[in-house]
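The values are calculated or read from the model by the stated rules, or taken from the named source; none is laboratory data. Small disclaimer: the values here were computed from a predicted structure and weren't measured. FYI the Cβ positions are ideal-geometry reconstructions off the backbone, even for glycines, and counts take in every protein chain you see. Protein only, heavy atoms only, side chains kept; ligands, DNA and RNA dropped before computing areas. Shrake-Rupley method; radii C 1.70, N 1.55, O 1.52, S 1.80 Å.
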Amino acid sequence: MTCDTVREKLTEYLDGALPQEEMKSIREHLLLCPSCNREYLALSEIKELLGQTFKAPLPEGFDERLHEALLQEKQINRPVLPLKRNAAFYRKYAAAAAVFLVLLISVPAAFLHESKNDEGLREDLPAKAEMLLANGKQESAAEEEGLVSNENLSQPSDQSREQTEKRQAFSMILLKAGLTGTCTREGMGRLYKEAEAPGRKRRRRKTGKIPLHRIPPSGQGDPAGRIRP
Amino acid sequence: MGWDEKELLEKAKAGDVESFEILIQAVRQKAYQIALSYLKNQEDAEDALQDSLLKIYRGLSRFQETSRFSTWVYRVVVNTCLDHIKKNKRQKDRILSFSGEDREENPFDAVSMLRDESAEPERHMLQKEKTQIILACLERIAPSLREVVVLRDVQGFSYGEIAQILDISEGTVKSRLSRARQAVKEMFFQIMGEKGEQK
Ligand SMILES: [Zn+2]
């Protein structure tokens, strides 16, 4: 084996990543060739030194902070739940929307003509949608609580505010569904997300990131901490 | 993927936080060190790791069981760190253009510091110095070479795993690794030589 070939393969030799035959012939070459052997020793030292860097343990309290963040994440993303729950959930509201559609059609034509623009309807109809919802509300509220029970226990006020928000959001969903005729599950899902979006954003901003009680870089046995200015 | 891991994954996909935490138990330490190697300080590394793990928790349903969970986690961590670096650079650029400074200071440049005399015992100091010189050298090579050599020599990933984490070919891993070690070696011994002459 020539010196050039050996140099070329030193990286893989260092990692023991060559076939046995090649490992053996390089080993033999190194025993006989001081120049290649020097190169090999130098590279081994670098590899060994590199192995000692960035060996810091996880910061203290990392798991706790992550746990908090995960719980928060779970709460924020609650509307995007596994399909099984969503299917039942949407079926319920699709049924309500269908009833509403009938109601809407029975609204005097004159009324529709007068306030043809969306804004007008938005002001007038949520109350009606709300009334309609009141029948099915207990049931749906129970389902909602079932979905959130283990996450929201410590925030009763937040929860009730959210319930109100949600009810308003549903009113809008029913409205839009009634107007556009999008009673399919996908359509409802999209509308639901649209209606939900502002609330979600606000909550995210309010709570923000988990307050992280950072430990100052200790520098003890921690090369990354030590070199921090 | 073992049966237990599969079950945990199913539960985690359904949103179960505890199952998710068990799943990441084995990878979070290494993931943190990877983040540290990109971002250089505890705080940023923890931020990036937390971001990564939240992303993973959110995106679990997209995880295909044909790929290894751990490799996927590390890949997300690498990408998140790169995003953080990009964001920080933009921030820094804004601050620099504001203050009219044009020279970027390298907070990681430990070489100048190392030339100072120290009262610490010789032997211990030498080892510490060497580690810091290595870090400084690492900082001076191209990022694309650095990440490969860190994943291999610091974290001990195989060529195949590195290829998956960085989304490059194994051949590229080998050639970058070789160039990276060579570059670090040359710089390292040059600095050591200069230090020897000073004494
Ligand atoms: Zn030779």
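The table below gives the values:
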{"read-out": "Computed E for B:Arg62/A:Leu18 - FRET, C-beta separation, R0 51 angstrom, nearest 0.05", "value": "0.85"}
{"read-out": "Area accessible to solvent at B:Phe157, 1.4 Å probe radius, in Å²", "value": "10 Å²"}
{"read-out": "Solvent-accessible surface (1.4 angstrom probe) belonging to B:Ser144, in square angstrom, nearest 10", "value": "50 Å²"}
{"read-out": "In sequence order, calculated HN-Hα J values of the stretch A:26-43 (Karplus, 6.51, -1.76, 1.60; Hz; x Gly/Pro)", "value": "5, 4, 5, 4, 4, 5, 9, 10, x, 5, 5, 5, 4, 4, 4, 5, 4, 5"}
{"read-out": "Loop GluC sites (Glu not before Pro), the stretch B:7-66 (other Cβ atoms within 10 Å of the site Cβ: 13 or fewer; DSSP)", "value": "B:Glu65"}
